[in-house]
1. Working only within segment 360-381, note down all residues that are more than 28 Å from L326 (Cβ to Cβ) and loosely packed, with under 15 Cβ neighbours inside 10 Å.
2. Any residue in segment 385-396 that's without any contact (Cβ under 8 Å) to a residue 12 or more places away in the chain: show its pairings with residues that are crowded, with 16+ Cβ neighbours inside 10 Å and not charged (D, E, K, R) at Cβ separation under 8 Å, as long as the two are six or more apart or on different chains.
3. Write out, first by first residue and then by second, each pair whose Cβ atoms fall under 8 Å of each other, whose residues are 6+ apart or on separate chains, and whose first residue, in segment 237-257, is on the phi > 0 side of the Ramachandran plot while the second is of a type outside the set (D, E, K, R) and surrounded by 15 or more Cβ atoms within 10 Å (Cβ to Cβ).
4. Restricting segment 335-356 to residues that are over 23 Å from the mean Cα position of the chain (by Cα) and β-branched (V, I, T), which is surrounded by the most Cβ atoms within 10 Å (Cβ to Cβ)?
5. Considering only segment 134-152, state which residues are under 21 Å from the mean Cα position of the chain (by Cα), under 18 Å from I162 (Cβ atoms) and crowded, with 18+ Cβ neighbours inside 10 Å.
6. Yes or no: segment 365-385 includes at least one residue that is outside the structural domain of S292 (by TED's automatic domain parsing), among the polar types (S, T, N, Q) and at positive phi.
7. Can you spot a residue in segment 329-337 that is in the same structural domain as A274 (by TED's automatic domain parsing), touching a His at 6+ places or on another chain (Cβ under 6 Å) and either under 23 Å from D192 (Cβ atoms) or not basic (K, R) (or both)?
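The values are calculated or read from the model by the stated rules, or taken from the named source; none is laboratory data. Everything quoted here is computed from the prediction, not taken from an experiment. Because the Cβ atoms are built from the backbone with ideal geometry, glycine has one as well, and the counts that use them run over all protein chains shown.
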Amino acid sequence: MKRNYQHLLFLFLLSLNINCLAGLPTSVDGQMLPSLAPMLEKVMPAVVNISSTTHVRENALAADPFFRYFFDIPDKSQQGQSLGSGVIVEAKKGYVLTNYHVISKADEINVTLQDGRKFNAEIIGSDPETDITLLKIPAEKLMELPLANSDQLRVGDFVVAIGNPFGLGQTVTSGIVSALGRSGLGIEGYEDFIQTDASINPGNSGGALVNLRGELIGINTAILAPNGGNIGIGFAIPVNMAHQIAQHLAEFGKVQRGNLGINIQDLDTELASAFGLKNNKGVVIIAIAPNSSAAKSDLKPGDVIIAINDQPVDSVTGLRNRIGLLRVGSAVKLKVIRKGQTHDVETTIENTATIDGATLNAYLNGLVLQDSPDGIKVIDVVRHSFAWTVGFRKDDIIVGFNRFVIKDLEDLKDRIARRVPPYLIQIMRHGDLLSVLLR
């Protein structure tokens, strides 16, 4: 009898709960309850699904058609599919922004719209340094996202992340801006991330981070997941950076980066005190490369740069990001502090000349080299090349040859021409002096 009473009581309480849920109001005192739905209905058609297919041979020997013929090896291949997201940013031209890592090494890229239409996409251009790719699809009646000014974002602003996690279809997560200007994460070459606690799951990469007005404020890119799951730390590329990169890609198919020819470091508290400055916001010019645009201007070693083109500069990363977004030949106005006085200095972004290391010597095959104020900078190293095998890595600075100080590429070329192997190359890496032996 007691058990029946408890059972009836449970059913009664359950019915009360269901009735309460069914009767939740959609408005209070005639006012509609807040909802993201109206904004999302306008925004979500501009967020697309991206799948990329890469053909990988199962057997390296199968790459040779003669070998396949004589040994009767079938030409089989497997397809690796990557699911990600993209954002339509220019409807008339069919332009879609996404992350470079979403389509990297893809043989075929497909874009699926919210209405189910599917198109093969053309790569207009990619910039691995910022992880941005611009695609084009031959589609009509597209919806594009309006762009916000990401420089006006504040910590605490509400944001919404839209993407296609796990290939489930469009999903939405919400949160706030947790931090701005995140860098030093080692995710990309140029980092100025928006950090958010809105969930950015696998498949959200390349998707949209929008504000409550439905404006694009960032491209979802990465999460910090030490245990493999989302812990509320996601990163998005600010739309101002992404849009500038997209303009470069649309015009040239790549980003034409340049530099000023200066070597800089962050202004820490001790340096700020030495310079008689009240705060440590800015960067110090340590050296100026000969014959560079900086050398031709009024810049001096010891100058503290506090602004570029009227935009404040707080760190080396911030200055590097802003210079990296300017085109070769662009005029630049720097505000510097010199001996307690503020000066405006005008200069230009010059072309960043690089050479293939193989033009100097076969031992340097696989290196991309460039003169810098500190020596010869290794801009890139081809993986598994000879140079990679003997120990060269990206961002190494070549400072010596057979224990002689090296000034620039021309100096290295002359010394190699006057010597026979073995060569002993001295490099600086993260402040340590190392040697690479070339036999």
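1. Within segment 360-381, just A362 meets the criteria.
2. Taking only residues 6 or more apart or on different chains, not a single pair turns up.
3. What qualifies is G253/I124; G253/G125.
4. Per the stated criteria, the residue is V336.
5. Across segment 134-152, the qualifying residues are L135, L145, A148, S150.
6. Step one: of segment 365-385, the residues outside the structural domain of S292 (by TED's automatic domain parsing) are 365-385.
The next check asks that each one be among the polar types (S, T, N, Q); those that pass are 365, 370, 372, 385.
Next cut, at positive phi only: none.
No; the residues of segment 365-385 include none that is outside the structural domain of S292 (by TED's automatic domain parsing), among the polar types (S, T, N, Q) and at positive phi.
7. There is at least one residue in segment 329-337 that is in the same structural domain as A274 (by TED's automatic domain parsing), touching a His at 6+ places or on another chain (Cβ under 6 Å) and either under 23 Å from D192 (Cβ atoms) or not basic (K, R) (or both).
Residues are listed down the side, and each one gets a yes or a no for (1) modelled with pLDDT of 90 or more; (2) surrounded by fewer than 21 Cβ atoms within 10 Å (Cβ to Cβ); (3) touching a Phe, Trp or Tyr at 6+ places or on another chain (Cβ under 8 Å):
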{"residue": "G181", "(1), (2), (3)": "no, yes, yes"}
{"residue": "I187", "(1), (2), (3)": "no, yes, yes"}
{"residue": "G203", "(1), (2), (3)": "no, no, yes"}
{"residue": "L212", "(1), (2), (3)": "yes, yes, yes"}
{"residue": "G229", "(1), (2), (3)": "no, yes, no"}
{"residue": "N240", "(1), (2), (3)": "yes, yes, no"}
{"residue": "D266", "(1), (2), (3)": "no, yes, no"}
